[in-house]
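Data block below; observations after.
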Amino acid sequence: MPIRRLICLLAISITCAPAVRAQSKPKLTLDDFFNSVSYPAVELSPDGTSVVLETERADWDQQIFRKDLWLYRADAKGGSLIQLTQSGHDSEPKWSPDGNWIAFLSARKPGAGKSATGDADAEDEETSQIYLISPNGGEAFAITEGAEDVHSFAWSADSHSIYFATRQPWTKSQKDDYKENWKDAVEYRTAERGDTVFALDLSTALARHSAAATKAEKKEGKPVENPDLTPGTRVLTTIPLSIDELVTSPNGAKLAMVTNAINQRQEKYEDVELYLLNVERALPPANARSGSEPLAQPRRITKNQAIETHPRWANDSRHLFFSVEVGDVAGPYRDLQPHLYSVDIDNSSIDQWDKSFVGPIERYAVAGDRILTSARLGTEVQLYDAAEPADKLHRLTKWPGTYAKIATATNSPKVAFIYSSLGKPEEIYVADSADKVDQARPITSFNAKLAQADLPQGKPYQWKADDGTTVEGMLIYPPGKFEAKHLPMFTLIHGGPADADGNHFEADWYQWAALAATNGWLVFEPNYRGSTGYGDKFLMQIVPVIVSRPGKDILEGVDALVKDGIADPDHLTIGGYSYGGYMTNWLITQTTRFKAAITGAGAVEHVGNWGNDDTTFDDAYFLGGRPWEAQQRYHDEAAIFQIDKVKTPTHMVAGAEDIRVAVLEDYLLEHALYSLGIPNKLLVFPGEGHSLSKNPWHGKIKVREELKWLEKYGGVPAPN
């Protein structure tokens, strides 16, 4: 009952703007929509006076998504924002604990800045390396080099060193031998190798950079046996897995790491775990020769069937926080909502924070002796805090909407976060403390043009499923038609399935409800069974009926909207991407009421998809076993075996290099529809994986063509 009451209150407060729109506001255009800016990273300086942030935006000429770093400094006039880097390839900034440096990863070509040895003639390969820049100005410079990407890095607690992980580097002779033996053949799986964790003293890196800058470093002309090993590094440990994240304990003695499979496929639960390395024991003397001493081995501190992520240390250097993406820390694999946990590294005991909280904890940060979280209840994501695992999460915020990434400072109570709502495109805000987040002020305005457009209004909508369960979704109305009746409706299904739509603003190829509404559609975003924000039981009710159960929820929501006179039954369309594509493919086999469908990266069968997917144990969980263990279920929940029922004109998109949902699924659907004479179109984007993150033109073309398809077959003329 408390949750339902909260949802009802949110329904009243989300977007109570009047239906009459200000005529002076410009229409939201396709170009403006895809020129939006997102913020992949936000980091407060240790003293809280500065914020380093990462922006991501489309560069249409270079056909890339630019990632650049900016620095905000608070001052007497309110603060200033300056651009730190301009390569377009810079990400994951991290302050040194003393606040004197910002380290970040960059995949810029060596020609864009000299290598760590000052060699501008290094092999022209784009690899992700660590760069440093001073917050006081100056150019960024690389401190690592080589053909191996840096997977993760962390500062030492005293700011004197940087720890980083790469795939185990090969010597020149090893590379030559492999090429001679295998030519261009691919040794799938067996040729992979694990990671090595290195330590690099900051003084050594700065001295080498200074020497290179004054051209004091000279080439000796003799071959280097291992050109991929950054000079001056010391090996801490090796591990037969990849390392996704590294975090140093506040006392500097321990280094925690999150591992992953070397081929980045989730095939074994034990590949993704938390490990701990005692840095003091692992760190060899600065003058030690490589391989002269046995390496310390990291200690595994979790052993479960869960995918751990986002580790952060408590101030006591004994407890390590982490969240779980999928899986369960307490027993056999179950797809639960993301929860927050802490593990005692001395005895490996694990506590879940506020077990009674119904929704997922989306993000969190450590703030002194408490944690701050952004957590979802229904269609709202708000900020909460707690001091102990048994504490109830205490809500800190009043603004309706969505609070995203949270950043805290070591030596200051200030808090930075990303905030958005349906009528407010996301920006970064800073508050003086967690208790004053409702007085936070924005420090960015990159999306100001979007904010000035005539944006749609929306509200939650609830209906009853056939089994009596209450299901909720969002309704996004065309501008000027808030709460109007008998509207043409586009049902846009979120992916995941462990995700949810709500009161937030996002502008990209995946979340484009605002653009669809601007083009005349009432957008219905159903949070069907399997969505987050409504409890773990609600989430798990799609097992093993992976598409049929949520499919009923969605169709019953459409029925309710038609019955309530909100949706026009003669102008219904449907679409989604990823799991939303799965659902779209299934639903057009269950009903012919949709006049048009758009689907992307969605499977139509489950056997081939299980074999190609990079999350195979997740697929097996949803369907009750592997293909030979649940043969009938793999058949019954597959759209392909009912595809002859389809009458809906269907538009399809896919990334040519997608391994989450292989492009073969889209070719299979296209071939089936073509053989049945159903109007269809398939767009395949070269070089793209599941996220369409390589070339911004691909996402823009996707949405442009999908809007045209909805207009052509959905019977709704384009607005003036």
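The values are calculated or read from the model by the stated rules, or taken from the named source; none is laboratory data. The model shown is predicted, which means the values in this text are computed figures rather than measured ones. Glycine also receives a Cβ, built like all others from the backbone with ideal geometry; neighbour counts cover every protein chain displayed.
The residue list Arg363, Arg318 contains one member that is of a type in the set (Lys, Arg), under 18 Å from the mean Cα position of the chain (by Cα) and at negative phi, which is Arg363. Filtering segment 479-522 to residues that are assigned to a strand (DSSP E or B) and either under 23 Å from Pro360 (Cα atoms) or in contact (Cβ under 8 Å) with a residue 60 or more places away in the chain (or both) leaves Leu487, Pro488, Met489, Phe490, Thr491, Leu492, Ile493.
Looking only at segment 648-678, which residues are within 21 Å of Gly496 (Cβ to Cβ) and either outside the structural domain of Ile574 (by TED's automatic domain parsing) or among the charged types (D, E, K, R) (or both)? Once the filter is applied, which keeps residues that are within 21 Å of Gly496 (Cβ to Cβ) and either outside the structural domain of Ile574 (by TED's automatic domain parsing) or among the charged types (D, E, K, R) (or both), segment 648-678 yields Asp658, Arg660, Glu665, Asp666. For segment 399-430, the candidate set comprises residues that are of a type in the set (Gly, Ala, Ser) and within 20 Å of His504 (Cα to Cα); within that set, the residue that is surrounded by the fewest Cβ atoms within 10 Å (Cβ to Cβ) is Gly423. Is it the case, given these coordinates, that Ala212 is touching a Lys or Arg at 6+ places or on another chain (Cβ under 8 Å), of a type in the set (A, V, I, L, M), at pLDDT 85 or above and buried (at least 17 other Cβ atoms within 10 Å of the Cβ)? Criteria not met by Ala212. Looking across Val358, Val326, Val381, one residue alone is surrounded by 19 or more Cβ atoms within 10 Å (Cβ to Cβ), hydrophobic (A, V, I, L, M, F, W, C), at pLDDT 95 or above and in contact with a Leu (Cβ under 9 Å, 6 or more places away or on another chain). It is Val358. Note on segment 674-720: among residues that are aliphatic (A, V, I, L, M) and either at pLDDT below 95 or in contact with a Pro (Cβ under 8 Å, 6 or more places away or on another chain) (or both), the one that is farthest from Ala58 (Cα to Cα) is Ile678.
With a requirement of 1 or more residues that are touching a residue at least 60 places away in the same chain (Cβ under 8 Å) and surrounded by fewer than 24 Cβ atoms within 10 Å (Cβ to Cβ), the helices (runs of 4 or more DSSP H) lying completely within segment 523-601 that satisfy it span 536-540, 548-563. Scanning segment 666-686 for residues that are under 15 Å from Trp509 (Cβ atoms) and surrounded by fewer than 20 Cβ atoms within 10 Å (Cβ to Cβ) yields Leu683, Val684. Among the residues making up segment 658-704, those that are touching a residue at least 60 places away in the same chain (Cβ under 8 Å), among the small types (Gly, Ala, Ser) and outside any loop (DSSP other than H, G, I, E, B) are Ala672, Gly699.
The combined condition, being at pLDDT 90 or above and either in the same structural domain as Ser50 (by TED's automatic domain parsing) or closer than 30 Å to Asn278 by Cβ (or both), is not fulfilled by Tyr188. Quick check: is even one residue across segment 114-127 closer than 23 Å to Thr444 by Cβ, surrounded by 15 or more Cβ atoms within 10 Å (Cβ to Cβ), under 29 Å from the mean Cα position of the chain (by Cα) and modelled with pLDDT of 90 or more? Checked against the condition, which is being closer than 23 Å to Thr444 by Cβ, surrounded by 15 or more Cβ atoms within 10 Å (Cβ to Cβ), under 29 Å from the mean Cα position of the chain (by Cα) and modelled with pLDDT of 90 or more, segment 114-127 yields no hits at all.
Pairing each residue of segment 421-443 that is in a strand (DSSP E or B) with any residue that is exposed (fewer than 15 other Cβ atoms within 10 Å of the Cβ) and among the charged types (D, E, K, R), provided the two are 6+ apart or on different chains, yields C-beta distances under 7 Å for Tyr429/Arg441; Val430/Arg441.
So for segment 314-323 (the condition being surrounded by fewer than 19 Cβ atoms within 10 Å (Cβ to Cβ), in a strand (DSSP E or B) and touching a Leu at 6+ places or on another chain (Cβ under 9 Å)), does at least one residue qualify? No, segment 314-323 contains no residue that is surrounded by fewer than 19 Cβ atoms within 10 Å (Cβ to Cβ), in a strand (DSSP E or B) and touching a Leu at 6+ places or on another chain (Cβ under 9 Å).
Looking only at segment 625-645, decide whether some residue is buried (at least 16 other Cβ atoms within 10 Å of the Cβ) and under 30 Å from Leu487 (Cα atoms). Among the residues of segment 625-645, at least one is buried (at least 16 other Cβ atoms within 10 Å of the Cβ) and under 30 Å from Leu487 (Cα atoms), which makes the answer yes. Of the strands (runs of 3 or more DSSP E) lying entirely inside segment 335-383, the ones with 1 or more residues being closer than 22 Å to Gly401 by Cα and touching a helix residue (DSSP H, G or I) at 6+ places or on another chain (Cβ under 9 Å) are found at 370-377.
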